[in-house]
Structure formats: C-alpha cells, structure tokens
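To start, I am sharing the structure in question, which I have written as structure tokens.
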Amino acid sequence: MKTITVIFLLLIGSASMLLAAVGVLRMPSLLTRMQTTTKAVTLGVGATMLGVAIYFGDIAVTARALLIVAFFFLTTPVSAHAIARAAFRMGTERWRTEEERSPEDQRED
C-alpha cells in the first residue's frame, strides 16, 4: 500500500509539473503563464515531496521535505506577484477575449 501511495503521489507531482511546462508554451500572455506555472508547480512539488517523505519514512527526510514544501508555498506566490507587478508597471498588455477587443485591434490580426 505504501508503494502504491508513493507512486500515485509522484505521478500526480510529475503530471502537474508537466502541465505547468505545457502551460508556459500554450498560454497567450505573461500573466496567464505565471498563473498556470505558479499553481501547477506548487502542487507538483508538494505531491512529489510528500511522496518522498512517505517513501523514506525517516524523520530527517520528512522534515526536509516539509521545509521544501513550506518554502515553495511561501515564496512562489510572492515571486509571482512581484513579477506580475513589474510587468504591469512596464505596460505589458494583458490577454483580451474577442468580445473585449476593440474593432481597431481586430483589424490588426
């Protein structure tokens, strides 16, 4: 049962990080790319480290894994916010739907 749980957590973590990488390639704007990677990588690292902690079962490894997860949970949103704020101040255009676009913008496409 322990092995199945570890495999499941590692697969969830790997799949989440793979989706984050695909999101970087597929999302149309900087802000949507950041949102995709922030959420998916945080989930991926959390699941992977939980799998590592369960697999080894040692208190030292578990403590390190939990510290890694805590570090990601604290720093990922802060860094994403700082990057988004800098992009906003630089005037990076946000992604707009077809309904939000003006007729002039649609002619340029």
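Charges on Cβ only, +1 for Lys and Arg, -1 for Asp and Glu, centred on the Cα centroid of the chain; of ALA15, GLY46, ILE68, which one is farthest towards the dipole's positive end?
ILE68
Report in % the part of the accessible area of segment 6-101 that belongs to carbon and sulfur, leaving out ligands and nucleic acids; probe 1.4 Å.
Working: 4880 of 6730 Å².
The computed percentage sits at 73.
Arrange the peptides 65-72, 53-60 so that the one whose residues have, on average, the most other Cβ atoms within 10 Å appears first.
65-72, 53-60
Based on the Kirkwood radius over alpha-carbon pairs, what value in µm²/s does the Stokes-Einstein equation return for the translational diffusion coefficient of segment 34-92 at 25 °C and 0.890 mPa s? Write down the numbers at each step before the final one.
Numbers: Rh = 12.6 Å.
Taking Rh from Cα pairs, D becomes 195 µm²/s.
What size of dipole, in debye to the nearest 20, comes out for the chain about its Cα centre when the only charges are +1 on Lys and Arg C-beta atoms and -1 on Asp and Glu C-beta atoms?
440 debye
If you don't mind, another one. If you count, for each residue, the other Cβ atoms within 10 Å and average over each peptide, how do 9-17, 77-85 line up from highest to lowest? It would help to have the intermediate numbers written out before the result.
Working: 9-17: 17.1, 77-85: 12.6.
So the order, starting with the most tightly packed, is 9-17, 77-85.
Quickly estimate the mean residue ellipticity at 222 nm for the chain, helices only: each DSSP H run with n ≥ 4 gives -39500 (n - 2.57), and the total goes over all residues, rounded to 500.
Calculated at 222 nm, the ellipticity per residue is -29000 deg cm²/dmol.
The values are calculated or read from the model by the stated rules, or taken from the named source; none is laboratory data. Keep in mind that what you see is a predicted model, and the values were worked out from it rather than measured. In this analysis, Cβ positions are derived from the backbone assuming ideal geometry, glycine residues included, and neighbour counts consider all displayed protein chains. SASA here: full protein model, heavy atoms, side chains in, ligands and nucleic acids out. Shrake-Rupley method; radii C 1.70, N 1.55, O 1.52, S 1.80 Å.
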